[in-house]
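In what follows, a structure is listed as C-alpha cells, so that the remarks can point back to it.
The values are calculated or read from the model by the stated rules, or taken from the named source; none is laboratory data. Just so it is clear, the model here is predicted, and its values are computed rather than measured. Note that we place each Cβ from the backbone using ideal geometry, even for glycine, and neighbour counts take in every protein chain shown. We work out accessible area using only protein heavy atoms, side chains counted, and drop any ligands, DNA or RNA first. Shrake-Rupley method; radii C 1.70, N 1.55, O 1.52, S 1.80 Å.
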Amino acid sequence: MSIKVFIPTLGRHTLKQTICSLNKQTYKDFEIILITKNDLTVNDINVIKQSNGYFEEAINLALKNINGDEDLVLFTDDDAIVSEKWIEEHLDFHEKNPNVAIASGKVIGKKWKNYPNSLFMRYKNTEFMKPYNIAFSEYTAFLTKTGLSVDRENIGEKDFEKSLAIAGVNMSLKPKIFEKKQIIEFTLRGSYNETILALQAIKEGYSSATFNKAIVFHQGEESLSRTTNTKIEKYLILEKHTLPFGVNFIFPIDEKLLENFLQIVDDEIPRLGLELALKGIKEKMIPHSFREILKKQKEILDKL
C-alpha cells in the first residue's frame, strides 16, 4: 500500500500534536507531506515549499505531487488530532465504495459555517434552490441551479451520505481520479476548494460522500474558513457567495436564472457576492482576474 497525507501549514504550534496523532495510527504504511510558505523542517517528514499564491495553490501543489499509483491520498489541518484508526477507516471506506472519488469522515469540534444556507432556508421552495440536476437530488449537501452549495436540514444523520459537505480537515481522495486535476484558483481564503474537487469528480460520473467513521478532533484555531473577527467574517460571507463563478467552469450556470434570483435577494453581502459571480461569468473572467476583484472588495469591507 502507498498512502500520502498532506497537511497545508503555517507551522503553528498545534502541528506537533497533529503529527503525533498520525504517528499513533494503526495503519503504518503512509507518508506525511507538509505544504508551507515558511522555512519549516520536521524530522523525517517531507516538506513542499509553496513559493506563491493562496490556499488553492497549496492544494494544487498537493495534487501535482500525486501520481495515481498511490492507494489513497488524505488531507488534514495543522490544528487537528486524528483518531488512531483514521487512515485505516478511510482506506476501508474507499475499498467498499469504489465509485466514491472523495470522502470526508466525522469531524468533532470546530466546523466552518455554510453561510448560503441562510438563503436556502428562505428560498428553498423556489426554482433557485432546486438541485442543479437529478444527480444532486440524492445529496444531503447539494449544488443548486444557481451554483450555491447548501445543506438539507437532516444532513449528517446517516452513516453514509452522498454529500458536497466535504471537510478539508478530514478528506480522502482516490488518486487515480485526481492525479491530473487542479482546482480553480479564484478565492483568497480557499472557500469550497473541497466542493470544487467533488464537483470535478461528479461531472465524470463519480460520487462524493461523508461517513461517520475516521474521526478527526478539530481544535478550532483561527483559520482561513473560520474566524471570530467580524470584519473577516463579512469577507467570508462574500467569498462563499461567489461560488457560482467557480462552479461555472465545471457545471455551466444559467445566467438568466441567477439574474432573476438577484432581483429578490436583499441581504447586502450575499447579494454582492452573487453579483460578482455573475459579473465574472458574463465577462468570462480568468480565475486570477476574479481574485483581484475580491481583493478590492475585501479592502472595502475591511474599512466598514
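What percent do you get for the relative contact order of the chain when only Cα pairs under 8 Å and 6+ apart count?
Numbers: 563 pairs, mean separation 63.8, N = 304.
21 percent.
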- Lys181 to Asn38: FRET efficiency via 1/(1 + (r/R0)^6), r the Cβ-Cβ distance, R0 25 Å, to the nearest 0.05? 0.40
- Message: Positive end of the dipole of the chain, charges at C-beta (+1 Lys, Arg; -1 Asp, Glu), about the Cα centre: which of Thr144, Gln219, Thr41 has its Cα farthest in that direction?
- Response: Thr144
- Could you check how much of the accessible area of the chain is carbon and sulfur, as a whole percent, using a 1.4 Å probe? 50
- What whole-number value in Å² describes the accessible area per residue of region 69-109 for a 1.4 Å probe? 36
- Message: Under the rule of at least 5 residues apart or a separate chain, name every residue whose amide H is placed under 5 Å from the amide H of Ile3.
- Response: Glu31, Asp71
- Put +1 on the Cβ of each Lys and Arg and -1 on the Cβ of each Asp and Glu in the chain; which of Met285, Asn260, Asn97 then has its Cα farthest toward the positive end of the dipole? Asn260
- At each listed q (0.07, 0.09 Å⁻¹), what is the log10 of I(q)/I(0) that the Debye formula gives for the chain modelled as equal alpha-carbon point scatterers? -0.25, -0.42
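Mind checking the dipole of region 15-122: about its Cα centre, +1 per Lys or Arg Cβ, -1 per Asp or Glu Cβ, Debye to the nearest 20?
Values: 13 positive and 17 negative charges, 136 e Å.
The calculation lands at about 660 debye.
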- Item | Cut-off under 5 Å, modelled amide H: who pairs with Ala141 long-range | Arg152, Leu164, Ala165
- Using a 1.4 angstrom probe, figure out how much accessible area region 153-202 has per residue, in square angstrom, rounded to the nearest whole. 35
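Which trypsin sites (Lys or Arg not before Pro) in region 200-299 sit in a loop by DSSP (not H, G, I, E or B) and have at most 13 other Cβ atoms within 10 Å of their own Cβ? If you can, show how the numbers build up before the last one.
On the way: sites: Lys203, Lys213, Arg226, Lys231, Lys234, Lys240, Lys256, Arg271, Lys279, Lys282, Lys284, Arg291, Lys295, Lys296, Lys298; in loops: Lys213, Lys284.
Qualifying residues, ordered by number: Lys284.
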- Between the helical axis of 193-203 and the dominant principal axis of the chain, each derived from Cα atoms, what acute angle in degrees is found, rounded to the nearest 10? 80
- Item | Computed magnitude of the charge dipole of the chain (debye, nearest 20; Cβ of K, R +1, Cβ of D, E -1) | 500
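Loop only by DSSP, 14 or fewer other Cβ within 10 Å of the Cβ. Give me the GluC sites (Glu not before Pro) in region 23-99 that pass, ordered by residue number. Provide the component values of the computation, followed by the final result.
Working: sites: Glu31, Glu56, Glu57, Glu70, Glu84, Glu88, Glu89, Glu95; in loops: Glu70, Glu84.
Hits after loop and neighbour filter: Glu84.
Only sites in a loop by DSSP and with at most 11 other Cβ atoms within 10 Å count here; which GluC sites (Glu not before Pro) in region 111-173 make the cut?
Details: sites: Glu127, Glu138, Glu153, Glu157, Glu161; in loops: Glu153, Glu157.
Sparse-neighbourhood loop GluC sites (Glu not before Pro): Glu153, Glu157.
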- Item | Charge-dipole axis of the chain as Lys and Arg at +1 and Asp and Glu at -1 on Cβ define it, positive-most pick from Asn67, Gly53, Asn154 | Gly53
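Calculate the dipole size of region 22-70 relative to its Cα centre from +1 charges on Lys and Arg beta carbons and -1 charges on Asp and Glu beta carbons; express the result in debye to the nearest 20. Before the final figure, lay out each step's value.
Details: 5 positive and 8 negative charges, 31 e Å.
In debye, rounded to 20, region 22-70 gives about 140.
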